[in-house]
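Written below as structure tokens is the structure these notes are about.
The values are calculated or read from the model by the stated rules, or taken from the named source; none is laboratory data. All values derive from a computational prediction rather than experimental measurement. Here the Cβ positions follow ideal geometry from the backbone for every residue, glycine too, while neighbour counts run over all protein chains shown.
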Ligand code: ARG
């Protein structure tokens, strides 16, 4: 379905053409003054210059043509040359009836669907997840859902960090603590046990300990690097331990992502890209893209127009070791070979922006991707505490994701138990859903690139711009529909949504029609916060409407009540679709 503003634009454009003006002046936008009108066209002002006429005269000409247009209730020319438009209630209702019967509320899909790999999550094995990983998971999951909704083939890849010194540090520390483990016995030739010699909690404790110890003891760091090198080059015992780390971590990560309602099509790892490195280095050398710089192999990616210093892309260090950037370039090679995507999106903390800029430039310059392969980085800001500094635990440590989730869920549970009597088990289940919504909505309602303040009180509030408020609206509509069903009345197939009969209802209907506009905007800008804005306004307008109109209790005609029921059902469906795009679910009651 065309958007409402497109339909109106078409009519206004026709009017401009009929009066001999260029079609480009007929663009209509939602009104900046909703108190005066629903839509506006500023084309007369622009046309005035080109046609050397007073803008108000042009506006009046256009208004005259559209005076009897059946879609329009009121159209006026306002000084200095605005055209203010309010739609007829019949047309508005007709549009909403069409939304109701069309798939996905008439939202038009991507005309040329793309294959898109979305690289998000990015956890590292053996290291606990922190808030940055949570943001990546939340934003990435939502974007992936938006891309799929628009008809693209979107593939989420967790891109597990399993390559590099952290692995060596863990193994070195394990060796220090338990030197007798068979993995350290070079004479051991049998199969290693299937069971890992550590649990996830041990593993997560070992890494920070090893990392701290390595800072005081350079020889320990050297040992860890040596172990990393051996592990990467096929040392049996170290490789077996590494495999154990992967298994233990992945099992744990899957649980955590499951709780976050986040899932990945691909569980690829940094190590999966390593087999591509050798040929890639050869290719870069043979084609003279790479040069030696102090023993290191680099590709220059500076460009004339650069205003800041762009360092070269480093492929290999002087000792031949690979880097984070080498892995990312090889991963691009791997992805092109296995999936041939049109578009790859990376979602990490914005501090990695320069890294990706260099990787992308190198991939393009060296033709490891096609000319039209789109490489995109989406960097997000920091989650801060109320003091404006990065959110920390009370003892000042980095915040672990599980604690954060628990904190939010506990607070929601407390609120539920405080105000209603509910079975403890049920309250826990509801708190889990509502808590997740609080956390995700709290994050996604901000423009991703901006820092935001984690405000437990505001995020978990059942009122205002929060996840729980959206869920509360959905649950409230559900209970109205249940009450309606309990009256024994039903909706017959010929019932329709009728034209608005009050200002609040008209406002609400207008908000419903904006669904496609906002979904498209969220998609084009890769900005889930657009959806949050839309559903908050929708929930809010529903609330004013409901305050005014008692859908069940009043004595309406059957048609009128049927119309109200159809409309709130539509609102509920739209809200459910939108929260699904944001990556959370509604409970049955709360
Ligand atoms: N593991 C990385 C980190 O924790 C994030 C990975 C992001 N993706 C990528 N292809 N580099 O910072």
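Of the numbered criteria (1) part of a helix (DSSP H, G or I); (2) over 30 Å from residue 112 (Cα atoms); (3) under 34 Å from the mean Cα position of the chain (by Cα), the one residue 163 fails is (1).
Within segment 316-327, residues that are within 15 Å of residue 279 (Cβ to Cβ) have Cβ atoms under 7 Å from residues that are in a helix (DSSP H, G or I) and within 16 Å of the ligand (Cβ to nearest atom) in these pairs: 316/326; 322/277; 326/277; 327/270; 327/273, counting only partners at least 6 apart in sequence or on another chain. In segment 489-508, the residues that are closer than 15 Å to residue 86 by Cβ reach residues that are part of a helix (DSSP H, G or I) with C-beta atoms within less than 6 angstrom, at least six apart or across chains, in these pairs: 499/89; 499/90; 499/93; 500/89; 500/506; 500/509; 505/545; 507/541. Counting only residues that are within 13 Å of the ligand (Cβ to nearest atom) and buried (at least 19 other Cβ atoms within 10 Å of the Cβ), segment 287-329 holds 4 of them. Would you point out the residue of segment 108-130, among those that are away from the ligand (no atom under 16 Å from the Cβ) and within 19 Å of the chain's Cα centre (by Cα), that is farthest from residue 268 (Cα to Cα)? Here the answer is 109.
Candidates 572, 526: the one that is touching a strand residue (DSSP E or B) at 6+ places or on another chain (Cβ under 7 Å) and within 21 Å of residue 3 (Cα to Cα) is 526. Taking every residue in segment 265-284 that is within 18 Å of residue 321 (Cβ to Cβ) and pairing it with any residue that is surrounded by fewer than 16 Cβ atoms within 10 Å (Cβ to Cβ) and modelled with pLDDT of 95 or more, at least 6 positions away or on another chain, the pairs with Cβ-Cβ distances below 8 Å are 276/337.
Specify the residue that is nearest to residue 87 (Cα to Cα); the eligible residues are those in segment 22-37 that are crowded, with 21+ Cβ neighbours inside 10 Å and more than 30 Å from the chain's Cα centre (by Cα). Don't jump to the end; show me each part of the working.
First, the residues of segment 22-37 that are crowded, with 21+ Cβ neighbours inside 10 Å: 25-26, 28, 37.
Now restrict to residues that are more than 30 Å from the chain's Cα centre (by Cα): 25-26, 37.
Numbers: 25: 20, 26: 16, 37: 9 Å.
For segment 22-37, the residue satisfying everything is 37.
Tally time: how many residues in segment 330-361 are assigned to a helix (DSSP H, G or I) and touching a helix residue (DSSP H, G or I) at 6+ places or on another chain (Cβ under 6 Å)? Spell out the reasoning first.
Applying the first criterion (assigned to a helix (DSSP H, G or I)) to segment 330-361 yields 330-338, 350-361.
Checking the rest, the ones that are also touching a helix residue (DSSP H, G or I) at 6+ places or on another chain (Cβ under 6 Å) come to 330-334, 359.
Number satisfying all stated conditions: 6.
Of the residues making up segment 330-353, those that are more than 11 Å from the ligand (Cβ to nearest atom) and without any contact (Cβ under 8 Å) to a residue 40 or more places away in the chain number 3.
Quick check on segment 358-398: of everything there that is farther than 24 Å from residue 290 by Cβ and modelled with pLDDT of 95 or more, which residue is surrounded by the fewest Cβ atoms within 10 Å (Cβ to Cβ)? Talk me through it step by step, then tell me what you get.
Initially, segment 358-398 is screened for residues farther than 24 Å from residue 290 by Cβ, giving 372, 374, 376, 378-398.
Now drop any that are not modelled with pLDDT of 95 or more, which leaves 372, 374, 376, 378-381.
Values: 372: 7, 374: 14, 376: 14, 378: 21, 379: 16, 380: 24, 381: 16.
Only one residue tops the list, namely 372.
Against the definition (more than 20 Å from the chain's Cα centre (by Cα), within 27 Å of residue 523 (Cα to Cα) and assigned to a helix (DSSP H, G or I)), how does residue 473 come out, yes or no?
Numbers: more than 20 Å from the chain's Cα centre (by Cα): yes; within 27 Å of residue 523 (Cα to Cα): yes; assigned to a helix (DSSP H, G or I): yes.
So residue 473 passes the test.
The set of residues in segment 144-165 being closer than 27 Å to residue 249 by Cβ and either near the ligand (Cβ under 10 Å from one of its atoms) or crowded, with 20+ Cβ neighbours inside 10 Å (or both) consists of 144, 154, 155, 156, 157, 158, 159, 160, 161, 162, 163, 164.
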